[in-house]
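J.: Shown below is the structure under consideration.
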Amino acid sequence: MSRYRQLQNIFIDRIEVNQYIGLDTSILFYNKLLESIRKPLKMILLYGRPGTGKSVLINKIYHDAKDKRNVFLISTPIQKEEEFIKKLYSFILPESTIPEDLTYNRFIDICNALKEKKHVTVLLDEAQLYPSGMMEKIRLISDTRVIKFVVSLHKTEKEDLIAKEHFQSRIWETIELKNGTIHDTRMYIQKKLIHHNYFEIANMFSNSNIRLIHRFTKGNYREINKLMFTLFEIYDYYETNKPSKISDTKIKNKYIEMSALKLGYIHA
Amino acid sequence: MHEIEKLEKEWRRYKSKKRAPLLIALSVAIFFAGGYLALQNSGTTFDALDVKNEYLKKSGDEAPKNHSAKDIYESERDSLNESEEKTENITRAESTIVQKEKPSSADTPKQPLVPEESEKSVVLNPDTDFLDSISSTKSNNKPQKHAKAAESVKHERVSKKAAPVKKSDDTQNGEKMAANEDENVKVSTLQIKSSKTNNTLEYLIGRFNEKRDPKLASYIAQSYYKKGNYNEAARWSVIANSLDPSSEESWLTFARSKAKMGQKEDAIKALKVYLNQYSSKKVKSFLHSLEAGR
(Lines give C-alpha, C1' and ligand atoms only; values in the text may rest on other atoms or scores of the structure.)
Protein backbone atom coordinates (compact mmCIF):
# COMPACT_ATOMS: atom_id res chain seq x y z
CA MET A 1 0.00 0.00 0.00
CA SER A 2 1.39 3.38 -1.00
CA ARG A 3 2.14 6.02 1.58
CA TYR A 4 -0.71 8.26 0.43
CA ARG A 5 -3.21 5.41 0.55
CA GLN A 6 -2.30 4.82 4.17
CA LEU A 7 -2.78 8.50 4.78
CA GLN A 8 -6.26 8.28 3.30
CA ASN A 9 -7.17 5.77 6.00
CA ILE A 10 -6.25 8.20 8.73
CA PHE A 11 -8.89 10.62 7.51
CA ILE A 12 -11.73 8.17 7.04
CA ASP A 13 -14.55 9.66 9.04
CA ARG A 14 -15.36 7.36 11.92
CA ILE A 15 -16.29 7.80 15.53
CA GLU A 16 -13.65 6.17 17.60
CA VAL A 17 -11.98 7.12 20.81
CA ASN A 18 -8.60 7.27 19.11
CA GLN A 19 -10.06 9.73 16.62
CA TYR A 20 -10.37 12.29 19.36
CA ILE A 21 -7.82 15.03 18.82
CA GLY A 22 -6.97 17.11 21.83
CA LEU A 23 -7.43 20.55 20.36
CA ASP A 24 -7.62 23.52 22.66
CA THR A 25 -11.34 23.93 22.16
CA SER A 26 -12.15 20.23 22.33
CA ILE A 27 -10.17 19.84 25.56
CA LEU A 28 -12.14 22.77 26.97
CA PHE A 29 -15.45 21.14 26.03
CA TYR A 30 -14.28 17.81 27.32
CA ASN A 31 -13.46 19.25 30.75
CA LYS A 32 -16.67 21.22 30.81
CA LEU A 33 -18.72 18.14 30.05
CA LEU A 34 -16.94 16.06 32.67
CA GLU A 35 -17.54 18.81 35.22
CA SER A 36 -21.24 18.91 34.29
CA ILE A 37 -21.54 15.17 34.73
CA ARG A 38 -20.23 15.50 38.27
CA LYS A 39 -22.91 18.05 39.13
CA PRO A 40 -26.38 16.93 40.31
CA LEU A 41 -28.09 17.94 37.07
CA LYS A 42 -31.03 16.31 35.35
CA MET A 43 -30.00 16.91 31.77
CA ILE A 44 -27.09 18.30 29.82
CA LEU A 45 -27.55 19.46 26.27
CA LEU A 46 -24.64 19.11 23.90
CA TYR A 47 -25.39 20.56 20.50
CA GLY A 48 -23.74 21.85 17.40
CA ARG A 49 -23.69 21.54 13.64
CA PRO A 50 -22.93 18.13 12.13
CA GLY A 51 -19.19 17.53 12.04
CA THR A 52 -18.30 19.73 15.00
CA GLY A 53 -17.15 16.74 17.04
CA LYS A 54 -20.11 15.96 19.29
CA SER A 55 -20.04 12.21 18.75
CA VAL A 56 -16.27 11.96 19.13
CA LEU A 57 -16.48 13.98 22.35
CA ILE A 58 -19.29 11.84 23.74
CA ASN A 59 -17.33 8.70 22.88
CA LYS A 60 -14.24 10.07 24.53
CA ILE A 61 -16.20 10.92 27.69
CA TYR A 62 -17.76 7.49 27.72
CA HIS A 63 -14.39 5.84 27.24
CA ASP A 64 -12.74 7.81 30.03
CA ALA A 65 -15.58 7.89 32.60
CA LYS A 66 -17.50 4.67 32.17
CA ASP A 67 -15.69 2.84 34.90
CA LYS A 68 -15.50 5.67 37.43
CA ARG A 69 -18.82 7.40 37.14
CA ASN A 70 -21.42 4.91 35.89
CA VAL A 71 -21.55 6.48 32.48
CA PHE A 72 -23.37 4.69 29.68
CA LEU A 73 -23.66 5.41 26.00
CA ILE A 74 -26.49 4.88 23.56
CA SER A 75 -24.77 5.85 20.34
CA THR A 76 -27.59 4.87 18.01
CA PRO A 77 -31.13 5.95 18.88
CA ILE A 78 -33.44 3.12 19.88
CA GLN A 79 -36.74 3.77 18.24
CA LYS A 80 -38.84 1.20 20.12
CA GLU A 81 -39.88 2.41 23.55
CA GLU A 82 -39.83 -1.07 25.08
CA GLU A 83 -36.28 -1.70 23.93
CA PHE A 84 -35.18 1.71 25.07
CA ILE A 85 -36.65 1.20 28.56
CA LYS A 86 -35.03 -2.22 28.84
CA LYS A 87 -31.70 -0.69 27.89
CA LEU A 88 -32.06 1.97 30.60
CA TYR A 89 -33.05 -0.69 33.11
CA SER A 90 -29.84 -2.58 32.28
CA PHE A 91 -27.86 0.52 33.21
CA ILE A 92 -29.28 0.73 36.74
CA LEU A 93 -29.97 -2.90 37.56
CA PRO A 94 -28.53 -6.24 36.44
CA GLU A 95 -29.73 -7.21 32.96
CA SER A 96 -30.82 -10.62 34.21
CA THR A 97 -33.48 -9.01 36.45
CA ILE A 98 -35.31 -7.23 33.63
CA PRO A 99 -39.03 -8.03 33.98
CA GLU A 100 -40.68 -9.34 30.84
CA ASP A 101 -43.60 -6.94 31.18
CA LEU A 102 -41.40 -3.87 31.72
CA THR A 103 -43.37 -0.82 30.70
CA TYR A 104 -42.51 2.83 30.89
CA ASN A 105 -44.73 3.40 33.93
CA ARG A 106 -43.24 0.42 35.73
CA PHE A 107 -39.75 1.70 34.94
CA ILE A 108 -40.66 5.09 36.43
CA ASP A 109 -41.82 3.28 39.58
CA ILE A 110 -38.53 1.38 39.73
CA CYS A 111 -36.59 4.64 39.31
CA ASN A 112 -38.57 6.34 42.06
CA ALA A 113 -37.85 3.36 44.31
CA LEU A 114 -34.13 3.77 43.58
CA LYS A 115 -34.12 7.54 44.19
CA GLU A 116 -31.15 8.68 46.25
CA LYS A 117 -29.66 5.20 45.98
CA LYS A 118 -28.56 4.98 42.39
CA HIS A 119 -27.16 7.54 39.99
CA VAL A 120 -26.10 6.87 36.44
CA THR A 121 -25.32 9.06 33.44
CA VAL A 122 -26.60 8.07 30.02
CA LEU A 123 -25.11 9.66 26.93
CA LEU A 124 -27.63 9.87 24.12
CA ASP A 125 -25.97 10.52 20.79
CA GLU A 126 -27.99 11.68 17.79
CA ALA A 127 -30.85 12.52 20.10
CA GLN A 128 -32.59 14.49 17.36
CA LEU A 129 -33.59 11.13 15.89
CA TYR A 130 -35.75 10.21 18.88
CA PRO A 131 -39.45 10.77 18.35
CA SER A 132 -40.85 13.68 20.32
CA GLY A 133 -43.00 11.32 22.44
CA MET A 134 -39.90 9.46 23.46
CA MET A 135 -38.13 12.70 24.31
CA GLU A 136 -41.00 13.61 26.61
CA LYS A 137 -40.58 10.29 28.42
CA ILE A 138 -36.82 10.83 28.69
CA ARG A 139 -37.55 14.18 30.30
CA LEU A 140 -39.85 12.53 32.88
CA ILE A 141 -37.29 9.81 33.61
CA SER A 142 -34.70 12.49 34.29
CA ASP A 143 -37.04 13.98 36.90
CA THR A 144 -36.49 10.88 39.06
CA ARG A 145 -32.81 11.94 39.30
CA VAL A 146 -31.72 8.33 39.01
CA ILE A 147 -30.65 8.76 35.39
CA LYS A 148 -28.90 11.90 34.18
CA PHE A 149 -29.01 12.37 30.43
CA VAL A 150 -26.41 14.00 28.25
CA VAL A 151 -28.33 14.71 25.10
CA SER A 152 -26.31 15.30 22.01
CA LEU A 153 -28.17 16.67 19.02
CA HIS A 154 -27.62 18.58 15.82
CA LYS A 155 -28.31 22.20 15.92
CA THR A 156 -30.99 23.32 13.55
CA GLU A 157 -33.74 25.83 14.14
CA LYS A 158 -36.29 23.04 14.36
CA GLU A 159 -34.13 20.97 16.69
CA ASP A 160 -33.47 24.02 18.80
CA LEU A 161 -37.21 24.33 19.28
CA ILE A 162 -37.47 20.67 20.25
CA ALA A 163 -34.69 21.15 22.74
CA LYS A 164 -36.35 24.19 24.18
CA GLU A 165 -39.76 22.60 24.39
CA HIS A 166 -38.65 19.39 26.02
CA PHE A 167 -35.69 20.34 28.09
CA GLN A 168 -35.86 24.01 28.84
CA SER A 169 -36.91 23.63 32.46
CA ARG A 170 -34.64 20.70 33.11
CA ILE A 171 -31.44 21.54 31.30
CA TRP A 172 -28.98 23.04 33.68
CA GLU A 173 -26.02 22.95 31.40
CA THR A 174 -25.70 23.63 27.70
CA ILE A 175 -22.57 23.08 25.68
CA GLU A 176 -22.43 24.23 22.09
CA LEU A 177 -19.74 22.86 19.84
CA LYS A 178 -18.62 25.02 16.93
CA ASN A 179 -16.50 24.63 13.83
CA GLY A 180 -12.79 25.02 14.36
CA THR A 181 -10.75 28.13 13.73
CA ILE A 182 -7.78 28.17 11.32
CA HIS A 183 -5.59 27.34 14.27
CA ASP A 184 -7.86 24.38 15.16
CA THR A 185 -7.77 23.22 11.54
CA ARG A 186 -3.98 23.32 11.51
CA MET A 187 -3.73 21.52 14.86
CA TYR A 188 -6.30 18.95 13.83
CA ILE A 189 -4.46 18.01 10.62
CA GLN A 190 -1.01 18.08 12.14
CA LYS A 191 -1.93 16.21 15.32
CA LYS A 192 -3.74 13.57 13.34
CA LEU A 193 -0.74 13.06 11.04
CA ILE A 194 1.77 13.15 13.88
CA HIS A 195 -0.39 10.76 15.91
CA HIS A 196 0.16 8.25 13.11
CA ASN A 197 3.87 9.09 12.84
CA TYR A 198 3.62 10.98 9.54
CA PHE A 199 5.86 13.80 10.68
CA GLU A 200 7.24 14.62 7.24
CA ILE A 201 3.73 14.83 5.78
CA ALA A 202 2.65 17.09 8.63
CA ASN A 203 5.54 19.39 7.75
CA MET A 204 4.49 19.54 4.12
CA PHE A 205 1.41 21.64 4.97
CA SER A 206 2.10 25.34 4.74
CA ASN A 207 0.01 28.11 6.26
CA SER A 208 -1.37 28.79 2.79
CA ASN A 209 -2.50 25.15 2.50
CA ILE A 210 -4.18 25.32 5.89
CA ARG A 211 -5.92 28.60 5.07
CA LEU A 212 -7.24 27.10 1.87
CA ILE A 213 -8.43 23.95 3.59
CA HIS A 214 -10.11 26.03 6.27
CA ARG A 215 -11.77 28.19 3.62
CA PHE A 216 -13.24 25.18 1.87
CA THR A 217 -14.25 23.26 4.97
CA LYS A 218 -15.09 26.22 7.24
CA GLY A 219 -13.27 24.38 10.00
CA ASN A 220 -15.80 21.55 10.09
CA TYR A 221 -13.93 18.42 11.17
CA ARG A 222 -16.02 16.05 9.09
CA GLU A 223 -15.39 18.17 6.01
CA ILE A 224 -11.70 18.40 6.82
CA ASN A 225 -11.58 14.61 6.95
CA LYS A 226 -13.32 14.38 3.57
CA LEU A 227 -11.03 16.92 1.98
CA MET A 228 -7.89 15.33 3.35
CA PHE A 229 -9.04 11.90 2.23
CA THR A 230 -9.61 13.20 -1.31
CA LEU A 231 -6.33 15.10 -1.29
CA PHE A 232 -4.36 11.98 -0.46
CA GLU A 233 -6.37 10.06 -3.02
CA ILE A 234 -5.15 12.55 -5.66
CA TYR A 235 -1.61 12.33 -4.33
CA ASP A 236 -1.80 8.58 -4.42
CA TYR A 237 -2.78 8.72 -8.11
CA TYR A 238 0.09 11.05 -9.01
CA GLU A 239 2.60 9.13 -6.96
CA THR A 240 1.66 5.97 -8.81
CA ASN A 241 1.24 7.42 -12.31
CA LYS A 242 3.00 10.79 -12.58
CA PRO A 243 5.41 11.07 -9.68
CA SER A 244 7.18 14.10 -11.22
CA LYS A 245 4.03 16.17 -10.73
CA ILE A 246 4.13 16.03 -6.96
CA SER A 247 6.65 17.33 -4.50
CA ASP A 248 7.91 15.49 -1.45
CA THR A 249 8.40 18.67 0.49
CA LYS A 250 5.20 20.63 0.06
CA ILE A 251 1.53 20.29 -0.74
CA LYS A 252 0.37 22.18 -3.79
CA ASN A 253 -2.72 24.33 -3.40
CA LYS A 254 -3.69 23.05 -6.83
CA TYR A 255 -4.41 19.59 -5.41
CA ILE A 256 -6.37 21.05 -2.50
CA GLU A 257 -8.46 22.95 -5.03
CA MET A 258 -8.90 19.79 -7.09
CA SER A 259 -10.13 18.03 -3.95
CA ALA A 260 -12.54 20.88 -3.30
CA LEU A 261 -13.78 20.59 -6.88
CA LYS A 262 -14.35 16.89 -6.47
CA LEU A 263 -16.24 17.39 -3.23
CA GLY A 264 -18.33 20.19 -4.71
CA TYR A 265 -17.06 23.00 -2.46
CA ILE A 266 -16.17 24.93 -5.60
CA HIS A 267 -17.27 24.66 -9.20
CA ALA A 268 -15.46 25.09 -12.49
CA MET B 1 -9.38 9.34 -19.16
CA HIS B 2 -8.80 8.79 -15.47
CA GLU B 3 -11.02 10.55 -13.03
CA ILE B 4 -8.12 12.54 -11.56
CA GLU B 5 -7.06 13.76 -14.99
CA LYS B 6 -10.61 14.90 -15.65
CA LEU B 7 -10.46 16.64 -12.32
CA GLU B 8 -7.24 18.37 -13.34
CA LYS B 9 -8.88 19.57 -16.52
CA GLU B 10 -11.79 20.82 -14.50
CA TRP B 11 -9.34 22.59 -12.17
CA ARG B 12 -7.76 24.40 -15.16
CA ARG B 13 -11.21 25.61 -16.15
CA TYR B 14 -11.83 26.71 -12.58
CA LYS B 15 -8.56 28.64 -12.47
CA SER B 16 -9.12 30.37 -15.79
CA LYS B 17 -12.64 31.28 -14.70
CA LYS B 18 -11.29 32.60 -11.41
CA ARG B 19 -8.56 34.59 -13.11
CA ALA B 20 -10.81 36.02 -15.82
CA PRO B 21 -12.32 38.84 -13.74
CA LEU B 22 -8.87 39.70 -12.44
CA LEU B 23 -7.47 39.83 -15.96
CA ILE B 24 -10.41 41.89 -17.14
CA ALA B 25 -10.06 44.25 -14.20
CA LEU B 26 -6.33 44.51 -14.84
CA SER B 27 -6.75 45.18 -18.55
CA VAL B 28 -9.46 47.77 -17.85
CA ALA B 29 -7.18 49.40 -15.29
CA ILE B 30 -4.30 49.44 -17.77
CA PHE B 31 -6.59 50.83 -20.45
CA PHE B 32 -7.81 53.62 -18.22
CA ALA B 33 -4.33 54.31 -16.91
CA GLY B 34 -3.07 54.52 -20.49
CA GLY B 35 -5.94 56.77 -21.42
CA TYR B 36 -5.34 58.93 -18.42
CA LEU B 37 -1.65 59.23 -19.20
CA ALA B 38 -2.40 59.99 -22.81
CA LEU B 39 -4.83 62.68 -21.73
CA GLN B 40 -2.34 64.05 -19.28
CA ASN B 41 0.36 64.12 -21.92
CA SER B 42 -1.89 65.81 -24.42
CA GLY B 43 -2.78 68.32 -21.73
CA THR B 44 0.76 69.05 -20.68
CA THR B 45 2.67 69.12 -23.92
CA PHE B 46 2.54 72.09 -26.11
CA ASP B 47 1.12 70.53 -29.21
CA ALA B 48 -0.77 73.68 -29.76
CA LEU B 49 2.36 75.69 -29.45
CA ASP B 50 4.21 73.33 -31.69
CA VAL B 51 1.61 73.88 -34.33
CA LYS B 52 1.84 77.52 -33.65
CA ASN B 53 5.60 77.44 -33.92
CA GLU B 54 5.48 75.58 -37.17
CA TYR B 55 2.91 77.99 -38.33
CA LEU B 56 5.10 80.88 -37.26
CA LYS B 57 8.10 79.43 -38.97
CA LYS B 58 6.36 78.53 -42.20
CA SER B 59 4.14 81.49 -42.67
CA GLY B 60 2.79 84.28 -40.64
CA ASP B 61 -0.64 84.30 -42.23
CA GLU B 62 -1.77 80.73 -41.92
CA ALA B 63 -4.70 80.12 -39.59
CA PRO B 64 -3.89 78.14 -36.44
CA LYS B 65 -5.05 74.55 -36.30
CA ASN B 66 -5.22 74.04 -32.58
CA HIS B 67 -7.99 75.19 -30.30
CA SER B 68 -5.84 76.99 -27.80
CA ALA B 69 -3.77 78.61 -30.45
CA LYS B 70 -6.94 79.52 -32.21
CA ASP B 71 -8.29 81.00 -29.02
CA ILE B 72 -5.21 83.07 -28.63
CA TYR B 73 -5.45 84.12 -32.18
CA GLU B 74 -9.07 85.02 -31.89
CA SER B 75 -8.35 86.97 -28.79
CA GLU B 76 -5.62 88.80 -30.59
CA ARG B 77 -8.02 89.47 -33.39
CA ASP B 78 -10.58 90.81 -30.93
CA SER B 79 -8.05 93.12 -29.43
CA LEU B 80 -7.18 94.33 -32.85
CA ASN B 81 -10.71 94.69 -34.11
CA GLU B 82 -10.93 98.28 -33.13
CA SER B 83 -7.92 99.30 -35.10
CA GLU B 84 -9.05 97.10 -37.98
CA GLU B 85 -12.35 98.81 -38.23
CA LYS B 86 -10.66 102.11 -38.28
CA THR B 87 -7.87 101.30 -40.66
CA GLU B 88 -9.25 99.36 -43.53
CA ASN B 89 -7.22 101.51 -45.87
CA ILE B 90 -4.15 101.10 -43.74
CA THR B 91 -4.42 97.34 -43.73
CA ARG B 92 -4.84 97.30 -47.48
CA ALA B 93 -1.79 99.42 -47.82
CA GLU B 94 -0.02 97.29 -45.28
CA SER B 95 -0.76 94.09 -47.13
CA THR B 96 0.67 95.58 -50.26
CA ILE B 97 3.69 96.72 -48.30
CA VAL B 98 4.16 93.29 -46.86
CA GLN B 99 4.11 91.88 -50.32
CA LYS B 100 6.66 94.37 -51.36
CA GLU B 101 8.85 93.84 -48.34
CA LYS B 102 8.67 90.05 -48.32
CA PRO B 103 8.30 88.62 -51.71
CA SER B 104 9.74 85.28 -50.47
CA SER B 105 6.99 84.82 -47.88
CA ALA B 106 4.44 84.95 -50.66
CA ASP B 107 6.02 81.79 -52.07
CA THR B 108 4.95 79.67 -49.11
CA PRO B 109 2.15 77.32 -50.04
CA LYS B 110 -0.32 78.60 -47.49
CA GLN B 111 0.45 82.24 -47.92
CA PRO B 112 -2.11 83.05 -50.59
CA LEU B 113 -5.24 84.11 -48.84
CA VAL B 114 -8.59 82.64 -49.61
CA PRO B 115 -10.81 85.46 -50.83
CA GLU B 116 -13.57 84.66 -48.31
CA GLU B 117 -11.07 84.87 -45.47
CA SER B 118 -9.42 88.00 -46.70
CA GLU B 119 -10.72 89.98 -43.79
CA LYS B 120 -9.42 87.50 -41.27
CA SER B 121 -6.10 87.22 -42.94
CA VAL B 122 -5.81 90.94 -43.10
CA VAL B 123 -6.59 91.01 -39.44
CA LEU B 124 -3.91 88.48 -38.72
CA ASN B 125 -1.31 90.05 -40.90
CA PRO B 126 0.07 92.51 -38.48
CA ASP B 127 0.68 90.04 -35.73
CA THR B 128 2.22 87.40 -37.92
CA ASP B 129 4.45 89.96 -39.45
CA PHE B 130 5.67 90.71 -36.00
CA LEU B 131 6.25 87.08 -35.36
CA ASP B 132 8.08 86.76 -38.62
CA SER B 133 10.31 89.52 -37.53
CA ILE B 134 10.85 87.67 -34.25
CA SER B 135 11.60 84.46 -36.08
CA SER B 136 14.16 86.30 -38.09
CA THR B 137 15.76 87.43 -34.83
CA LYS B 138 15.87 83.87 -33.63
CA SER B 139 17.61 82.58 -36.70
CA ASN B 140 20.03 85.46 -36.82
CA ASN B 141 20.73 88.11 -34.24
CA LYS B 142 22.48 90.43 -36.60
CA PRO B 143 19.47 91.20 -38.72
CA GLN B 144 17.55 91.76 -35.53
CA LYS B 145 20.06 94.29 -34.35
CA HIS B 146 20.02 95.77 -37.77
CA ALA B 147 16.27 95.86 -37.76
CA LYS B 148 16.24 97.38 -34.31
CA ALA B 149 18.75 99.96 -35.40
CA ALA B 150 16.76 100.63 -38.51
CA GLU B 151 13.62 100.78 -36.46
CA SER B 152 15.12 103.27 -34.05
CA VAL B 153 16.40 105.37 -36.92
CA LYS B 154 13.07 105.21 -38.63
CA HIS B 155 11.34 105.86 -35.37
CA GLU B 156 13.36 109.02 -34.96
CA ARG B 157 12.45 109.99 -38.46
CA VAL B 158 8.87 109.28 -37.73
CA SER B 159 8.92 111.24 -34.55
CA LYS B 160 10.18 114.14 -36.54
CA LYS B 161 7.72 113.64 -39.34
CA ALA B 162 5.08 111.77 -37.48
CA ALA B 163 3.15 114.64 -36.03
CA PRO B 164 0.76 114.77 -38.94
CA VAL B 165 0.66 110.96 -39.08
CA LYS B 166 -0.21 110.54 -35.41
CA LYS B 167 -2.71 113.30 -35.39
CA SER B 168 -4.28 112.43 -38.72
CA ASP B 169 -7.18 110.04 -38.81
CA ASP B 170 -7.06 106.58 -40.37
CA THR B 171 -8.23 107.60 -43.79
CA GLN B 172 -5.63 110.27 -43.92
CA ASN B 173 -3.03 107.72 -42.94
CA GLY B 174 -4.19 105.42 -45.68
CA GLU B 175 -4.08 108.13 -48.24
CA LYS B 176 -0.64 109.20 -47.14
CA MET B 177 0.71 105.69 -47.11
CA ALA B 178 -0.70 104.96 -50.51
CA ALA B 179 0.75 108.13 -51.87
CA ASN B 180 4.13 108.08 -50.10
CA GLU B 181 7.30 106.55 -51.36
CA ASP B 182 8.52 103.15 -50.20
CA GLU B 183 10.53 104.46 -47.26
CA ASN B 184 7.70 106.45 -45.88
CA VAL B 185 5.39 103.49 -46.26
CA LYS B 186 7.81 101.25 -44.38
CA VAL B 187 7.99 103.73 -41.52
CA SER B 188 4.23 103.84 -41.13
CA THR B 189 4.06 100.03 -41.26
CA LEU B 190 6.59 99.70 -38.46
CA GLN B 191 4.62 102.06 -36.32
CA ILE B 192 1.47 100.02 -36.66
CA LYS B 193 3.24 96.73 -36.03
CA SER B 194 4.95 97.76 -32.83
CA SER B 195 1.81 99.13 -31.28
CA LYS B 196 -0.20 96.01 -32.12
CA THR B 197 2.47 93.65 -30.78
CA ASN B 198 2.53 95.39 -27.44
CA ASN B 199 -1.22 95.26 -27.26
CA THR B 200 -1.22 91.55 -28.05
CA LEU B 201 1.26 90.63 -25.35
CA GLU B 202 -0.51 92.83 -22.86
CA TYR B 203 -3.77 91.23 -23.80
CA LEU B 204 -2.26 87.75 -23.47
CA ILE B 205 -0.83 88.57 -20.07
CA GLY B 206 -4.19 89.96 -19.00
CA ARG B 207 -5.87 86.85 -20.27
CA PHE B 208 -3.35 84.69 -18.45
CA ASN B 209 -4.02 86.55 -15.21
CA GLU B 210 -7.66 85.62 -15.60
CA LYS B 211 -7.29 82.01 -16.66
CA ARG B 212 -3.89 80.92 -15.32
CA ASP B 213 -3.49 78.66 -18.32
CA PRO B 214 0.02 77.10 -18.42
CA LYS B 215 -0.13 76.92 -22.21
CA LEU B 216 -0.74 80.62 -22.37
CA ALA B 217 2.16 81.26 -20.00
CA SER B 218 4.39 79.11 -22.14
CA TYR B 219 3.20 80.92 -25.24
CA ILE B 220 4.02 84.25 -23.63
CA ALA B 221 7.45 82.88 -22.67
CA GLN B 222 8.05 81.82 -26.25
CA SER B 223 6.90 85.18 -27.51
CA TYR B 224 9.32 86.93 -25.23
CA TYR B 225 12.04 84.53 -26.29
CA LYS B 226 11.41 85.19 -29.93
CA LYS B 227 11.35 88.86 -29.19
CA GLY B 228 14.80 88.50 -27.63
CA ASN B 229 13.64 89.32 -24.13
CA TYR B 230 15.26 86.24 -22.58
CA ASN B 231 14.89 87.37 -19.01
CA GLU B 232 11.13 87.67 -19.38
CA ALA B 233 11.08 84.46 -21.40
CA ALA B 234 12.78 82.59 -18.52
CA ARG B 235 10.44 84.20 -16.00
CA TRP B 236 7.35 83.17 -17.96
CA SER B 237 8.78 79.68 -18.45
CA VAL B 238 9.03 79.35 -14.69
CA ILE B 239 5.42 80.51 -14.37
CA ALA B 240 4.31 78.00 -17.01
CA ASN B 241 6.37 75.29 -15.34
CA SER B 242 4.94 76.01 -11.92
CA LEU B 243 1.47 75.41 -13.37
CA ASP B 244 2.47 72.35 -15.38
CA PRO B 245 5.84 70.86 -14.43
CA SER B 246 5.60 68.14 -17.08
CA SER B 247 5.49 70.65 -19.92
CA GLU B 248 8.42 70.02 -22.19
CA GLU B 249 8.16 73.41 -23.87
CA SER B 250 8.40 75.37 -20.64
CA TRP B 251 11.62 73.55 -19.71
CA LEU B 252 13.00 74.04 -23.20
CA THR B 253 12.17 77.72 -23.33
CA PHE B 254 13.69 78.19 -19.89
CA ALA B 255 16.88 76.40 -20.94
CA ARG B 256 17.09 78.23 -24.23
CA SER B 257 16.59 81.56 -22.52
CA LYS B 258 19.22 80.74 -19.92
CA ALA B 259 21.59 79.64 -22.66
CA LYS B 260 20.99 82.87 -24.53
CA MET B 261 21.75 84.81 -21.38
CA GLY B 262 25.03 82.93 -21.11
CA GLN B 263 23.90 80.76 -18.20
CA LYS B 264 24.51 77.43 -19.89
CA GLU B 265 25.13 75.61 -16.63
CA ASP B 266 21.66 76.50 -15.41
CA ALA B 267 20.21 75.45 -18.75
CA ILE B 268 21.97 72.08 -18.66
CA LYS B 269 20.98 71.53 -15.05
CA ALA B 270 17.33 72.25 -15.86
CA LEU B 271 17.31 69.91 -18.84
CA LYS B 272 18.91 67.14 -16.80
CA VAL B 273 16.31 67.55 -14.07
CA TYR B 274 13.58 67.24 -16.69
CA LEU B 275 15.20 64.17 -18.29
CA ASN B 276 15.42 62.48 -14.90
CA GLN B 277 11.65 62.36 -14.83
CA TYR B 278 10.57 62.38 -18.45
CA SER B 279 12.00 61.22 -21.71
CA SER B 280 12.11 63.64 -24.59
CA LYS B 281 14.17 63.43 -27.75
CA LYS B 282 13.85 67.15 -28.22
CA VAL B 283 15.21 67.92 -24.77
CA LYS B 284 17.95 65.32 -25.15
CA SER B 285 19.13 66.70 -28.45
CA PHE B 286 19.12 70.25 -27.10
CA LEU B 287 21.03 69.09 -24.03
CA HIS B 288 23.61 67.38 -26.27
CA SER B 289 23.98 70.47 -28.38
CA LEU B 290 24.44 72.59 -25.25
CA GLU B 291 26.97 70.21 -23.79
CA ALA B 292 28.84 70.00 -27.07
CA GLY B 293 29.02 73.75 -27.31
CA ARG B 294 30.09 74.19 -23.69
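J.: With springs only between Cα atoms under 10 Å, which of A:Arg38, A:Arg211, A:Arg222 fluctuates most in a Gaussian network model of chain A?
T.: A:Arg38
J.: Something else about it: Specify which residue in the list A:Thr240, A:Gly133, A:Leu177 is farthest towards the positive end of the charge dipole of chain A, using unit charges on the beta carbon of Lys, Arg (+1) and Asp, Glu (-1), about the Cα centre.
T.: About the Cα centre, the residue reaching furthest to the positive side is A:Thr240.
J.: For chain A, what is the mean residue ellipticity at 222 nm derived from helices alone (per DSSP H run of n ≥ 4: -39500 (n - 2.57); sum divided by total residues; nearest 500 deg cm²/dmol)?
T.: -17000 deg cm²/dmol
J.: Just how large is the dipole of the stretch B:1-44 about the Cα centre, in debye to the nearest 20, putting +1 at every Lys and Arg Cβ and -1 at every Asp and Glu Cβ?
T.: 80 debye
J.: With solvent modelled as a 1.4 Å probe, how much accessible area in total do chains B and A shield from it at their shared surface, in Å² to the nearest 100?
T.: Interface between B and A: roughly 1400 Å².
J.: If you don't mind, another one. Which one of A:Ile85, A:Asn70, A:Thr52 has its Cα pushed farthest toward the positive end of the charge dipole of the stretch A:10-103, where Lys and Arg give +1 and Asp and Glu give -1 at the Cβ?
T.: Selected residue: A:Thr52.
J.: Just flag the GluC sites (Glu not before Pro) in the stretch A:87-152 sitting in loop per DSSP whose Cβ has no more than 12 other Cβ atoms within 10 Å. Spell out each step's value before the answer.
T.: Working: sites: A:Glu95, A:Glu100, A:Glu116, A:Glu126, A:Glu136; in loops: A:Glu100, A:Glu116, A:Glu126.
For GluC sites (Glu not before Pro) across the stretch A:87-152 that sit outside H, G, I, E and B with at most 12 neighbouring Cβ atoms in 10 Å, the list reads A:Glu100, A:Glu116.
J.: What's the magnitude of the charge dipole for chain A around its Cα centre, counting Lys and Arg as +1 and Asp and Glu as -1 at the beta-carbon? Answer in Debye, nearest 20.
T.: 720 debye
J.: Still on this structure, I have one more. In nm, to one decimal, how far is the A:Thr103 label point from the B:Gln40 one, both placed 7 Å along Cα→Cβ?
T.: Spacing of the two 7 Å Cα→Cβ label points: 9.2 nm.
J.: Also: Explain nothing, just the number: dipole magnitude of the stretch A:24-177 about its Cα centre with +1 on each Lys and Arg Cβ and -1 on each Asp and Glu Cβ, in debye rounded to the nearest 20.
T.: Its charge dipole is roughly 460 debye.
J.: Which distance in nm do the two modelled labels at B:Glu291 and B:Ala29 give, with both placed 7 Å along the Cα-to-Cβ direction?
T.: 3.7 nm
J.: While we're on this one: In chain A, which helices (entire DSSP H runs) extend 18 Å or more along their own long axis, judged by Cα positions, while averaging at least -0.5 on the Kyte-Doolittle scale?
T.: Both cut-offs are met by A:24-38.
J.: Could I ask something else about it? Within 10 Å of each Cβ in B:12-18, how many Cβ atoms from other chains are there, averaged over the peptide?
T.: Mean partner-chain Cβ count within 10 Å for B:12-18: 3.
J.: Set the bar at 26 Å for Cα to Cα. Now go through B:Lys227/B:Lys258; A:Lys192/B:Lys17; B:Lys226/B:Lys282; A:Lys42/A:Lys86; A:Lys148/A:Lys192; B:Lys215/B:Lys281 and name every pair that lies beyond it. Before the final figure, lay out each step's value.
T.: On the way: B:Lys227/B:Lys258 15 Å; A:Lys192/B:Lys17 34 Å; B:Lys226/B:Lys282 18 Å; A:Lys42/A:Lys86 20 Å; A:Lys148/A:Lys192 33 Å; B:Lys215/B:Lys281 20 Å.
Over 26 Å Cα-Cα: A:Lys192/B:Lys17; A:Lys148/A:Lys192.
The values are calculated or read from the model by the stated rules, or taken from the named source; none is laboratory data. Treat the numbers as computed from the prediction; the structure is a model and nothing was measured. A quick note on method: Cβ atoms are made from the backbone with ideal geometry, for glycine too, and the neighbour counts reach across all protein chains shown. Quick note on the areas: whole protein, heavy atoms, side chains included, nothing else; ligands and nucleic acids left out. Shrake-Rupley method; radii C 1.70, N 1.55, O 1.52, S 1.80 Å.
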